[in-house]
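Notes follow the structure.
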Amino acid sequence: MQHSILIVDDEKDILDALERQLRKDYKILKATSGIGALRILQKEKIHLILSDQRMPEMTGVQLFEKAQLVQPDAIRILLTGYTDVDSVIAAINNGQIYRYITKPWDPLELDVIVKRALESYDLRSELKEKNEKLETAYQELKTLDTAKSHFMILIGHELKTPLTTITSYLSLLKEEVKDKDLLKYIMRISQGTERLHEIVFDVLDLLAAETGQMTLKKKENSLKPLFDTLQHSFLESIQKKSLTIKTDLKSEKAVFDQMLLSKALTKVFHNAVKFADENSVINITSQVTERAKLEVKITNHGPALSEDQILHIMKPFNLDENILNHSQGMGLGLAVCQSLLKHHGSEIKIQSDKNSTSVAFLL
């Protein structure tokens, strides 16, 4: 880009001399008065203004003050034949000049000053452009944040309501229908509905935790009732695989949101049961750490996980038919659990060796 320089001086010889020196590298525009310079500023894009101080009708400082209103980004250099300290101070304070040059000027010094001034202009312009892009991006993010909140409200209502309706009518059908074939169809629909219900609520929990839409209600609670409920909920799966659940709670009291922790524990315990070897033991322990935190750990005996596999299963919607030797699910279980615990001020730590995997977190 070729820079444009506006030279302002009431002496024609000075204008011509400056033009001869600068025209090789820059586009030069000239004015013999402040009024003429302002007319040019209204029409042309100017990168640098080089103006004499002592001119009739309007001084260089006065021109610079008015020029700031027209083209505030233009660099301003004051040219004066007088060592007038007051004028220089006024130029700096009111006209916000970049530099001042005394007459007669040194051609080499003038070239360097103009070059540095235009480099400064380019840097300012680049910074301004980046700041504008950042502001635009920030406003877009704010818009997305508002849309996200609206989406959470909308999706929660639009998905939960029809699911509730379907579940309610299926319950009525189970009571009314006696035909075995029809009951079999209803059971298949019920199973699909339960799976859809699980997916919808997992996604909503993940979004709520990740976007800060979830409200915490922390208070001192006991862990034992939560684990008792878990074992009862998974009793069929536990019995089917002949699993033994051993609980060793060194301390069972902690401050936590009971509903949120129940959801997180359900995800962890589900995986522990699902991937445990048959006829093995699942250990549930809790102990107070050195930092007076309560560490809860669930350990199952089963296939070991590599570090890559652990990273993989902690990410939501990561589907891999071979991982953990299963082909069902959306990869949400531990990802949802991690998001819930992070919202709670905690996080999952997974350790795995050749025959066991432990999932632990602090409260």
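Sort out for me the strands (runs of 3 or more DSSP E) sitting completely within segment 170-276 that have 1 or more residues that are at pLDDT 85 or above, under 30 Å from the mean Cα position of the chain (by Cα) and over 21 Å from Val359 (Cβ atoms).
Details: elements: 219-222, 244-249, 253-256.
Counting at least 1 such residues, we get no strands (runs of 3 or more DSSP E) at all.
Filtered by the rule that a residue be open to solvent by 10 Å² or more (accessible area, probe 1.4 Å) and either of a type in the set (Gly, Ala, Ser) or over 45 Å from the mean Cα position of the chain (by Cα) (or both), segment 22-39 gives Arg23, Lys24, Ile28, Leu29, Lys30, Thr32, Ser33, Ile35, Gly36, Leu38, Arg39. The single condition among (1) open to solvent by 20 Å² or more (accessible area, probe 1.4 Å); (2) not in a helix (DSSP H, G or I) that Glu19 does not satisfy is (2).
If you go through segment 336-349 and keep only what is touching a helix residue (DSSP H, G or I) at 6+ places or on another chain (Cβ under 6 Å) and open to solvent by 30 Å² or more (accessible area, probe 1.4 Å), you end up with His343, Glu347. In this structure, does Leu123 turn out to be modelled with pLDDT of 80 or more and more than 30 Å from Ser4 (Cβ to Cβ)? No.
Checking each residue in segment 277-288 for being outside any strand (DSSP E or B) and either in contact with a strand residue (DSSP E or B) (Cβ under 9 Å, 6 or more places away or on another chain) or closer than 17 Å to Pro225 by Cα (or both) picks out Asp277, Asn279, Ser280.
Considering Ser222, Ser237, Ser233, which residue is open to solvent by less than 30 Å² (accessible area, probe 1.4 Å) and among the polar types (S, T, N, Q)?
Values: Ser237 fails: open to solvent by less than 30 Å² (accessible area, probe 1.4 Å); Ser233 fails: open to solvent by less than 30 Å² (accessible area, probe 1.4 Å).
When all the criteria are applied, what remains is Ser222.
The values are calculated or read from the model by the stated rules, or taken from the named source; none is laboratory data. Keep in mind that what you see is a predicted model, and the values were worked out from it rather than measured. Reconstructed Cβ throughout: ideal geometry from the backbone, glycine too, with neighbour counts over all protein chains shown. Accessible surface areas use protein heavy atoms only, side chains included; no ligands, DNA or RNA. Shrake-Rupley method; radii C 1.70, N 1.55, O 1.52, S 1.80 Å.
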